[in-house]
Each structure stands twice: as structure tokens, then as C-alpha cells.
């Protein structure tokens with residue numbers, strides 16, 4: 001007689017991202033945690049620490065995600081302190097925690113041990129599944145928009161200050177862990 005496969009251990013989103021507790025709206029806080037849990041349950045990974053940043057960047061995504069979250073909050077703090085610019089903290093923190101949650105279903109280990117896209121990763125753009133699950137858990141469209149536009153591969157640029165902060169700090173962190181992928185194009189007009 002064979003035993004049933006062991007169920008995957010749930011993740012503790014508040015332990016992974018203590019800033020979750022800084023989200024004032026309890027419904028939003030619960031939705032962010034539930035979105036992560038749903039994605040984790042779908043994931044082929046057994047340890048969150050093993051999920052890479054991308055197929056080309058083998059660096060683990062968890063410290064990348066944490067750094068992006070901390071930088072986003074620091075930028076919001078500086079904007080408010082120096083310029084009086086108010087940022088929706090709940091939306092910024094929720095989006096920063098979820099910005100790369102899709103990676104747990106977008107990548108897997110191939111037979112050779114290298115990171116390869118999953119079927120979902122081949123069929124859908126980055127962050128689609130986090131956005132989809134966020135909508136299912138009642139997260140506002142403004143957060144979903146940030147998730148779908150936080151990457152340079154997105155068809156649109158973020159429309160909100162929260163989205164723009166996240167977009168830029170995400171790319172700055174990629175420079176820190178991998179390399180500078182930004183290019184400046186020279187356009188001469190008459």
C-alpha cells in the first residue's frame with residue numbers, strides 16, 4: 001500500500017514580508033496573503049527560497065522581492081518628507097509584496113536543473129497570475145494595474161505614483177543583483 005503524497009506546507013506571508021502588517025485595511029491584507037497562498041499551492045516548488053528571479057537571473061526572488069518592497073517604502077517616505085507627495089501606502093505595500101508572486105508558477109526546474117518556464121510561464125505574461133488571483137480575492141483594480149505594469153516587458157507603463165515607484169525600484173534592484181539592462185536611445189528630431 002502506498003501512502004498519499006504529503007501536502008505542501010503553506011507559506012506564512014507575514015513572516016516572509018513583515019510589512020504585510022503595515023497594510024491598514026484588514027480585507028486588503030487578507031487578500032494579499034490569500035493571493036500568495038493560492039499561487040504557492042499551484043507552484044511546482046517546495047521551498048520558496050529556491051525560486052529564482054528569472055530564467056536568466058539565478059538569484060533567489062525572495063530577497064529581490066523584499067529589497068524592492070523596502071526600497072518602495074523608502075521612496076514613498078522620501079516623497080512625503082521632502083515634497084509632501086502622498087502615496088497610498090496600502091496599495092504600494094500590497095503591490096510590492098505581490099509584484100513577483102507569479103514567479104512561483106512561472107518557473108520550474110528543468111530536467112538539467114536549470115530554470116525553465118512552466119506551461120503557465122510560456123502562455124501568460126509575467127505577473128498575470130498574481131493579477132488574476134488578486135482580482136479573485138477582491139483586490140482593487142489600482143493594485144492589479146500595478147502588478148501588470150511593473151515590468152519593462154509590460155505593454156503599458158504604470159499610470160499611478162505607486163506603480164511608477166515599484167517599476168523603477170524593481171529595475172534598480174535588478175541592477176544590484178544582476179546587471180544594468182537599461183539603455184538610453186538618442187533621438188534627434190528636426
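Observations on the model:
Condition check ((1) modelled with pLDDT of 95 or more; (2) closer than 17 Å to residue 139 by Cα) across all residues:
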residue: 23; (1), (2): yes, yes
residue: 46; (1), (2): no, no
residue: 87; (1), (2): yes, no
residue: 93; (1), (2): yes, yes
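- Filtered by the rule that a residue be assigned to a loop (DSSP other than H, G, I, E, B) and within 28 Å of residue 135 (Cα to Cα), the stretch 98-121 gives 99, 100, 101, 102, 118.
- Of all residues in the stretch 56-71, those satisfying the criterion of being in a helix (DSSP H, G or I) and either out of contact with any helix residue (DSSP H, G or I) (no Cβ under 7 Å at 6 or more places or on another chain) or over 11 Å from residue 166 (Cβ atoms) (or both) are 61, 62, 63, 64, 65, 66, 67, 70.
- For the criterion of being touching a strand residue (DSSP E or B) at 6+ places or on another chain (Cβ under 8 Å) and either outside any strand (DSSP E or B) or within 20 Å of residue 170 (Cα to Cα) (or both), residue 138 fails.
- In the set (1) without any contact (Cβ under 8 Å) to a residue 24 or more places away in the chain; (2) over 18 Å from residue 54 (Cβ atoms); (3) surrounded by 18 or more Cβ atoms within 10 Å (Cβ to Cβ), the condition left unmet by residue 90 is number (1).
- The residues on offer are 33, 95, 78, 74, and the sole one that is free of Cβ contacts under 8 Å to residues at least 24 places away in the same chain, crowded, with 18+ Cβ neighbours inside 10 Å and not in a loop (DSSP other than H, G, I, E, B) is 33.
- From 18, 44, 58, 63, residue being surrounded by fewer than 16 Cβ atoms within 10 Å (Cβ to Cβ) and over 24 Å from residue 116 (Cβ atoms): 18
- Residues in the stretch 126-151 that are without any contact (Cβ under 8 Å) to a residue 40 or more places away in the chain, under 19 Å from residue 164 (Cβ atoms) and over 13 Å from the mean Cα position of the chain (by Cα): 141 alone.
The values are calculated or read from the model by the stated rules, or taken from the named source; none is laboratory data. What you see is a predicted model; the values in this text were computed from it and never measured. Backbone-built Cβ (ideal geometry, glycine too); neighbour counts: all protein chains shown.
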